[in-house]
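First up is the structure itself, then whatever we jot down about it.
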Amino acid sequence: HDEIEHNHNEHEEDEHFWTDSKNAIKMISNILENIIEIDNEKTSGKYIEEYKSNANSYINKISNLSTEIKNTVDNSSNKLLIFGDRFPFTYFTEEYDLDYVAAFDGCSSAVEAKTSTIAELINIAKNTNTKAIFKIEMSNGKIAQTIADATDAKILELHSCQNVTKDDFNRGVTYAYTMKSNLEAIKEGL
């Protein structure tokens, strides 16, 4: 029981503050302020309204996705996410009032989970009739697969909104895109 990372409300182990949409929106606002300052210096504010419009549009998109995630969670009887993986989602689970158990805390450098940890995650999944086991983007998914095989759950991915493949980058994958993917995973997994 001690090896499994449980919901503690501790941020020391999780620097992924942007997984809380309110923090992402603050980041956009801060970027906008700096761009406006630069634009004032370089072009006497020629593009400020365009920058504001783009930022507000993106903030609204993120806010709407966040509301959809919140509504999905609020309307679900299950509030537990089981991660057969690392866990960079403390801020995310706090924002949406979700519980979690995970094979590793934060972005642990460990690559193998203890057998007792996997067994406990399997027991939790069975006892809660879990429909899905979560993994993070770019994970090999081996631990999640082991748990899923033992519980007939499916494997779903939650994206920490920090890593994209070169192909994803070239396709223009954004924070909002990864949030939308997370919304779909939450809908299916809960």
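The values are calculated or read from the model by the stated rules, or taken from the named source; none is laboratory data. Just so we're clear, the structure is a prediction, and the values are computed from it rather than from any experiment. Virtual Cβ from ideal backbone geometry, glycine too; neighbours counted across all protein chains shown. These accessible areas exclude ligands, DNA and RNA; they are computed on the full protein's heavy atoms, side chains included. Shrake-Rupley method; radii C 1.70, N 1.55, O 1.52, S 1.80 Å.
Residues 21, 77 ordered from highest to lowest accessible area at a 1.4 Å probe: 77, 21.
Solvent exposure of segment 28-157, expressed per residue, is 54 Å² of accessible area, with all protein chains present and a 1.4 angstrom probe. Remark on segment 15-67: ratio of C-alpha radius of gyration to 2.2 N^0.38 Å is 1.26.
By DSSP, what percent of the beta bridges with both residues in segment 74-190 are antiparallel, rounded to the nearest 5? Don't skip to the answer; put the middle values down first.
Details: 1 of 11 bridges.
Antiparallel bridges make up about 10 percent of those DSSP assigns within segment 74-190.
Against the main long axis of the alpha-carbon atoms of the chain, helix 142-151 sits at an angle near 50°.
Take the Cα pairs of the chain, get the Kirkwood Rh, then feed it into Stokes-Einstein at 25 °C and 0.890 mPa s and tell me D in µm²/s. Roughly 138 µm²/s, to the nearest whole number. Under a 5 Å amide H cut-off, with hydrogens placed 1.01 Å from N, residue 156 pairs with 133, 134, 135 among residues at least 5 apart or on other chains. A straight Cα-to-Cα reach below 18 Å connects residue 52 with the aspartates and glutamates 33, 37, 39, 41, residues fewer than 8 places away in its own chain not being considered. If you take all other residues with their beta carbon under 12 Å from the beta carbon of residue 27, and give Lys and Arg +1 and Asp and Glu -1, the sum is 0.
Lys/Arg Cβ at +1, Asp/Glu Cβ at -1, dipole of the chain taken about the Cα centre: which of 140, 64, 83 is farthest positive-ward? Sorting the options by dipole projection puts first 64.
Near residue 125, once Lys and Arg are set to +1 and Asp and Glu to -1 for all other residues with Cβ below 14 Å from its Cβ, the sum equals -1. For the chain, the longest principal axis of the Cα atoms and the long axis of helix 21-43 meet at an angle of about 20 degrees. For the residue pairs 61/187; 61/154; 70/180; 22/46; 61/135, alpha carbon separations beyond 20 Å are given by 61/154; 22/46; 61/135. Count Lys and Arg as plus one, Asp and Glu as minus one, and take only other residues whose Cβ is under 10 Å from that of residue 135; the net charge is then -1.
Calculate log10 I(q)/I(0) of segment 88-190 for q = 0.10, 0.13, 0.18 Å⁻¹, where I(q) comes from the Debye formula with a single equal point scatterer on each Cα and nothing for solvent. Cα-only, vacuum Debye calculation for segment 88-190: -0.29, -0.49, -0.93. Computed from Cα positions, the angle between helix 48-74 and the longest principal axis of the chain comes to roughly 20 degrees. Taking the protein heavy atoms of the chain in the context of the full set of protein chains, the accessible area attributed to carbon and sulfur is 47 percent at 1.4 Å.
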